[in-house]
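Please treat every number below as a calculation from the coordinates, not as lab data. Note that this is a predicted model, so its numbers are computed, not measured. Every residue, glycine as well, gets a Cβ built from its backbone with ideal geometry; the counts of neighbours run over all protein chains shown.
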Amino acid sequence: MKEVILSVQQLKKSFGEKEVLKGIDFDVYKGEVIVVIGPSGCGKSTFLRCLNCMEDASSGAIWFDGENLADMKVDINVHRQKIGMVFQQFNLFNNLNVIDNITLAPVLVAKKNRSKLKFKNFKIKIKNLFSKEKTPLLDLGDDLKTIKEKANQKAMELLKRIQLEEFAEAYPSTLSGGQKQRIAIVRALAMDPKVILFDEPTSALDPEMVGEVLELMRQLAKENMTMVIVTHEMGFAREVANRVIFMDEGVIKEENNPKEFFSNPQNPRLKDFLSKVL
């Protein structure tokens, strides 16, 4: 039986009186590559941003790791560590070099977790002062220097994978769009995510740079990385996706495997859309 990574139930999102998502039901299985297509303004990007909790759902549920991310009581930051996001405009920090862009989040998370353990140990020590049975202290794991060293080592391994290790000390402003986007992808990989969301990752690139980004995404698909991808790259969708989803007017109007989706569309709106983009 396939493992469900994300389960979306009757997801709705409104901005004021404008209802952008009108009830999305959607499951993402481990190792699955899902491509989401549709006309501009149909709610694709809003849908992804809700999955990563960058937008709060108006109603409905988003189940991940046994918790409903749409519940305001849930610590979103804990779960967001395992839901990677790659944006259209890269979103690299221009004041940080490449390796620091990649290691920033893993180091901050590791430091935060270590601080939590130190605080728990403090409470254990206080408790032990007044108790005959002493509770052992928790292992703090790596010290701060080791945390940084391990993060740098992993970052270099990821940069070697995309053949950009020579740019570890470079700043984003010196890189091409394709290089920036590949670095944005490995930055997401540095957190060991369970799923990566891609919001039109090639739309801001010059045509000659699109291929290098799609090739990296093909490699991730072969390694069974779970991905949800909003894109206009129909050839990529045919080749890599396990499922293709067509969104329009805030709902999913059709979904199928790529072969059936493109060769035998059923929804009239999808037929019209494909006739214009293929």
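Calculate, for LEU108 and SER131, the FRET efficiency according to 1/(1 + (r/R0)^6) with r their C-beta to C-beta distance and R0 41 Å; round to the nearest 0.05.
On the way: r = 34 Å, r/R0 = 0.84.
The calculated FRET efficiency here is 0.75.
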Point to revise | For the stretch 82-211, alpha-carbon Rg relative to the globular expectation (2.2 N^0.38 Å, N residues) | key: 1.38
Point to revise | Viscosity 0.692 mPa s, temperature 37 °C, Stokes-Einstein D of the stretch 62-145 from Kirkwood C-alpha radius, µm²/s | key: 202
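Kindly rank 50-61, 263-274 from highest to lowest mean number of other beta carbons found within 10 Å of each residue.
Values: 50-61: 17.9, 263-274: 14.4.
Top of the packing list down: 50-61, 263-274.
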Study note, to complete from the structure: By the Kirkwood definition, with r running over pairs of different Cα atoms, the stretch 62-109 has a hydrodynamic radius in Å of 12.7
Exercise for review: Could you order peptides 150-159, 69-78 by the average number of other Cβ atoms within 10 Å of their residues, highest first?
Suggested key: 150-159, 69-78
Review point. Separation of the stretch 225-240 and the stretch 95-157 by C-alpha centroid, Å?
Key: 37
Exercise for review: With the cut-off at 15 Å, report for the stretch 159-208 the share of all Cα pairs above it, as a whole percent.
Suggested key: 49
Review point. Can you give the FRET efficiency for LYS118 and ASP272, using 1/(1 + (r/R0)^6), R0 = 35 Å, r = Cβ-Cβ distance, to the nearest 0.05?
Key: 0.05
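Where does the charge balance sit around VAL35 when Lys and Arg score +1, Asp and Glu -1, over other residues with C-beta under 12 Å from its C-beta?
-2
What net charge is computed for the residues neighbouring LYS111, neighbours being all others with C-beta under 12 Å from the C-beta of LYS111, Lys and Arg scored +1, Asp and Glu -1?
Numbers: positive: LYS112, ARG114, LYS116, LYS118, LYS145, LYS148; negative: ASP142, ASP143.
For residues surrounding LYS111, the net value is +4.
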Exercise for review: Could you give the spread of the C-alpha atoms of the chain along their three principal axes, from largest to smallest, in whole angstroms?
Suggested key: 74, 45, 40
Exercise for review: Grab the DSSP H runs of the chain that are 4 residues or longer, score each as -39,500 (n - 2.57), total them, divide by all residues and round the 222 nm result to the nearest 500 deg cm²/dmol.
Suggested key: -13000 deg cm²/dmol
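Longer than 19 Å from Cα to Cα, which of LYS148/LYS194; LYS22/LYS253; LYS112/LYS150; LYS22/LYS194; LYS13/LYS253 are they? Say none if no pair is. The partial results should precede the final answer.
Working: LYS148/LYS194 23 Å; LYS22/LYS253 12 Å; LYS112/LYS150 16 Å; LYS22/LYS194 27 Å; LYS13/LYS253 17 Å.
Those over the limit are LYS148/LYS194; LYS22/LYS194.
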